[in-house]
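What follows is a single structure, written as structure tokens, with notes after it.
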Amino acid sequence: MNEQRYPRKRVAFEPPLDPTAGDAAMHRPTATVAGAVLVLLRAIAGALWAVSVAFSLPPWLQQIAGAASGDASASTDPELAAFADLGIGTAVFLSVMGALFVVQVVFGIRILFGGNVSRVLVMLISVGSISASFVGWWELGLEITVRTTLLTLSLDILVLLALSSRDAAAYARRPRRSRPRAHGSRTGAAR
């Protein structure tokens, strides 16, 4: 008889106590590189959003933005008005956003080199950001448009997809190679 071989099917449920781990010589997977690049793009998108919120746009750009949103008479940025209502100054806002930018860049670099804690924290932050966007849309009626949160929301979703893959998890959980010690180390030279 002609025996056909079928690929082994993945189970529907993977136990959380049996983590996927790769070997120490594992090459950096594409999912990890894509996740790190997306985290860096998310940081850049957040910084650009913060700058666009903190500084008012030139009048000609306000007209273009108003025409794109369908309201050509809109001359003030509603996000700026919301921050002014909260009593947050531009310097405080930019300082907080700058700190978030630096943290995201550090996380992106750590993910690129296989940091599991950074990978998990970025995934948790992405879940929180997606949830906040959903709550804002559901409860507060905030629109999700290209001008507001669509770019950062889509990057958060892509980050989750990339960093939650099996390859990215295995790379982040792989055992590290031990570094060879220098000949003049403390343990052998002082005796």
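The values are calculated or read from the model by the stated rules, or taken from the named source; none is laboratory data. If you're wondering where the values come from, they're calculated on a predicted model, not measured in any experiment. No Cβ is skipped: glycine too gets one built from the backbone with ideal geometry, and neighbour counts run over all protein chains shown. Heavy atoms of the whole protein, side chains included, go into the accessibility calculation; ligands, DNA and RNA do not. Shrake-Rupley method; radii C 1.70, N 1.55, O 1.52, S 1.80 Å.
Being of a type in the set (K, R) and outside any helix (DSSP H, G or I): is that true of R119 here?
The answer is no for R119.
Search the range 139-166 for residues that are under 21 Å from V39 (Cβ atoms) and pair each with any residue that is in a helix (DSSP H, G or I) and charged (D, E, K, R) when their beta-carbon atoms are under 7 Å apart and the residues are at least 6 apart or on different chains.
T152/R42; L155/R42; D156/R42; V159/R42; L163/R119
Being surrounded by 13 or more Cβ atoms within 10 Å (Cβ to Cβ) and among the hydrophobic types (A, V, I, L, M, F, W, C) is the filter here; which residues of the range 135-156 pass it?
Those that are surrounded by 13 or more Cβ atoms within 10 Å (Cβ to Cβ) and among the hydrophobic types (A, V, I, L, M, F, W, C): W137, L142, I144, L150, L151, L153, L155.
It is to be established whether one or more residues within the range 157-178 are at pLDDT below 60, open to solvent by 50 Å² or more (accessible area, probe 1.4 Å) and out of contact with any strand residue (DSSP E or B) (no Cβ under 6 Å at 6 or more places or on another chain).
no
Taking the residues in the range 92-113 that are among the aliphatic types (A, V, I, L, M) and either touching a His at 6+ places or on another chain (Cβ under 6 Å) or touching a residue at least 24 places away in the same chain (Cβ under 8 Å) (or both) as candidates, determine which candidate is least open to solvent (accessible area, probe 1.4 Å).
I111
Consider A81 against the criteria (1) modelled with pLDDT under 85; (2) surrounded by 13 or more Cβ atoms within 10 Å (Cβ to Cβ): it satisfies all of them except one. Which criterion is unmet?
Only one criterion is unmet by A81, namely (2).
Do the conditions hold for V102, that is, is it closer than 26 Å to T32 by Cβ and either at pLDDT 85 or above or not in a helix (DSSP H, G or I) (or both)?
It is true that V102 is closer than 26 Å to T32 by Cβ and either at pLDDT 85 or above or not in a helix (DSSP H, G or I) (or both).
Mind checking whether some residue in the range 138-149 is at pLDDT 85 or above and not in a loop (DSSP other than H, G, I, E, B)?
Yes, the range 138-149 contains at least one residue that is at pLDDT 85 or above and not in a loop (DSSP other than H, G, I, E, B).
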